[in-house]
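Here the structure is laid out as structure tokens; the discussion comes afterwards.
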Amino acid sequence: MTLLTAPPPPATRDLAHLSDESLLSLVAASDDDALAELYDRFGRVAYSLALRILRDEALAQDAVQEAFLGVWRSADRFLAERAKASTWILTLVHRRAVDLVRRE
């Protein structure tokens, strides 16, 4: 009798030791693990910022989701000489939240 076991989960890389800027470089190369690490680092503060602007939980979640989609799409345009990665990411969140306020 052979026991069937589930395959082991895919190994996830530990990216916690990398700088935010290094993670953005990886995101620019389409590394979704790096985007997940950035979200782990900034998702909570991004949501808090969006919620302060929008005063609506669902809209704040939408703003954060759209902002991180923007990070995915435009990470190659990030310039470390101009701003910290955290500032750049939270600026995207702020812009998305303000856009949603204007739409509402």
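The values are calculated or read from the model by the stated rules, or taken from the named source; none is laboratory data. This one's a predicted model, so the numbers in the text were calculated from it and none came from an experiment. Reconstructed Cβ throughout: ideal geometry from the backbone, glycine too, with neighbour counts over all protein chains shown. Ligands, DNA and RNA are stripped out before the accessible areas are found, and what is left, the full protein with its side chains, is counted by its heavy atoms. Shrake-Rupley method; radii C 1.70, N 1.55, O 1.52, S 1.80 Å.
Quick rundown of the values:
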item	result
Selected residue (criterion: farthest from Arg103 (Cα to Cα)) from residues of the stretch 32-55 that are of a type in the set (D, E, K, R) and surrounded by 16 or more Cβ atoms within 10 Å (Cβ to Cβ)	Glu37
Unique residue being over 13 Å from Val27 (Cα atoms) and open to solvent by 40 Å² or more (accessible area, probe 1.4 Å) when the list is Leu92, Leu100, Leu69, Leu79	Leu79
Residue that is closer than 16 Å to Leu15 by Cβ, assigned to a helix (DSSP H, G or I) and more than 10 Å from the chain's Cα centre (by Cα), where the choices are Ala50, Ala97, Ala75	Ala75
Residue, most open to solvent (accessible area, probe 1.4 Å), within the stretch 14-31, restricted to residues that are modelled with pLDDT of 95 or more and charged (D, E, K, R)	Glu21
Where a residue in the stretch 15-30 is under 15 Å from Arg82 (Cβ atoms) and its partner, wherever it lies, is at pLDDT below 95, with Cβ under 6 Å and at least six apart	Glu21/Ala80
Pick from the stretch 56-66, criterion of a type in the set (A, V, I, L, M, F, W, C) and touching a residue at least 24 places away in the same chain (Cβ under 8 Å), ranking: surrounded by the fewest Cβ atoms within 10 Å (Cβ to Cβ)	Leu59
